[in-house]
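Student: My questions all concern the structure below.
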Amino acid sequence: MVGRMVRLIMRMIDRRRPDDLTRALLVTEAWPDRLVNTGIDALTFSGGVAEYLYKRETRSFGDLGADLAHALGHALALRRDLPPVWDPGAGIRATVIGAAQFSVQVSGNTIAISRPEDLPLQNLPVIACAFELAEEIDPAAVSADVREALRRADAVEGENAIALAFSWRGDPSHARLSALAAGICAALPRTLAAALPLVLLIEGDIAMSLGRLIRHETAPGSHVIAIDGVALKAFDYVDIGRRIELTNAVPIIIKSLLFK
């Protein structure tokens, strides 16, 4: 397995066209064709494997990291035609999404899921919002907050499903919830038009009420997943599992990126 991984990495370093396996493993787009014959000044590596490559780590963590680093270092040493490997001096200990991960089960009795058959959803980026929840909520201000959160996350509204995370406080009156729903929906027109799931992760107890209000009043027929009792932040990712029939609970996996 390690040998095959190293061959794929070397293929990318050589900027050759990715084969089917490489494409299946890539989490980004492949090299553009215009880079195929472009020179490279240096190579750098980051992540847990890089810690071994740069001799900053010797311990084993029960995975393939040390083996992969050893094999990759050997492959690089055999290639005299490659540019030098530079040490940037500061590495990232783990670039894996889910460097910190934990799961919770949320009761299905207090949430709103319009299409349970569409679950599970995986690796939804969390767009964290901090709404100004005054006694009278301003829909325009809510929309502005959502758009700004999307901008900070470098997310294009309507391209893919996202998870909007925010806290709730105050009276869950119809007027306040309706204003909140109007502001959220106004900021996500392409998401609604594309019938992408509108995922709301709320630190508070309004998920069922807000989800039903959006689906039946603000954006009739929209695909809404509203879950409360979870606190998330920017750079988190979430998986939402299928409803467990026996307990009527929905498993949520929260994955956080750690920076040091």
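The values are calculated or read from the model by the stated rules, or taken from the named source; none is laboratory data. Predicted model, so just to flag it, every value in this text is computed and none were measured. Using ideal geometry, Cβ is built from the backbone for each residue, glycine included, and neighbour counts are taken over all protein chains shown. These accessible areas exclude ligands, DNA and RNA; they are computed on the full protein's heavy atoms, side chains included. Shrake-Rupley method; radii C 1.70, N 1.55, O 1.52, S 1.80 Å.
Student: Could you check the range 46-93 and list, in sequence order, the residues that are free of Cβ contacts under 8 Å to residues at least 40 places away in the same chain and basic (Lys, Arg)?
Tutor: LYS55, ARG56, ARG59, ARG80
Student: Find all pairs meeting these conditions: Cβ atoms under 7 angstrom apart; at least six residues apart or on different chains; first residue within the range 1-15 and modelled with pLDDT under 95 and among the charged types (D, E, K, R); second residue open to solvent by less than 40 Å² (accessible area, probe 1.4 Å) and in a helix (DSSP H, G or I).
Tutor: Short answer, once both residue conditions are applied: ARG11/THR22.
Student: Which ones in the range 92-123 are assigned to a strand (DSSP E or B), modelled with pLDDT under 80 and open to solvent by 70 Å² or more (accessible area, probe 1.4 Å)?
Tutor: Taking the range 92-123 first, the residues assigned to a strand (DSSP E or B) are 100-107, 112-113, 121-123.
Still in the running and modelled with pLDDT under 80: 100-107.
GLN101, PHE102, SER103, GLN105 - these are the residues of the range 92-123 that are assigned to a strand (DSSP E or B), modelled with pLDDT under 80 and open to solvent by 70 Å² or more (accessible area, probe 1.4 Å).
Student: A follow-up question, please. Starting from the range 167-192, take each residue that is touching a residue at least 12 places away in the same chain (Cβ under 8 Å) and on the phi > 0 side of the Ramachandran plot and list its partners that are in a loop (DSSP other than H, G, I, E, B) and open to solvent by 30 Å² or more (accessible area, probe 1.4 Å), counting only C-beta distances under 9 angstrom and pairs at least six apart or across chains.
Tutor: These pairs meet every condition: GLY170/ALA134; GLY170/GLU135.
Student: While we're on this one: Give the residue that is farthest from ASP14 (Cα to Cα), with candidates limited to residues of the range 64-91 that are surrounded by 11 or more Cβ atoms within 10 Å (Cβ to Cβ) and acidic (Asp, Glu).
Tutor: ASP67
Student: Still on this structure: Exactly one of (1) in contact with a helix residue (DSSP H, G or I) (Cβ under 9 Å, 6 or more places away or on another chain); (2) open to solvent by 50 Å² or more (accessible area, probe 1.4 Å); (3) outside any helix (DSSP H, G or I) is unmet by THR28. Its number?
Tutor: Only one criterion is unmet by THR28, namely (1).
Student: Helices (runs of 4 or more DSSP H) wholly in the range 129-234 with at least 3 residues that are surrounded by 14 or more Cβ atoms within 10 Å (Cβ to Cβ) - which ones? Full working, then the answer.
Tutor: On the way: elements: 139-152, 174-187, 189-193, 207-213.
Counting at least 3 such residues, we get 139-152, 174-187, 207-213.
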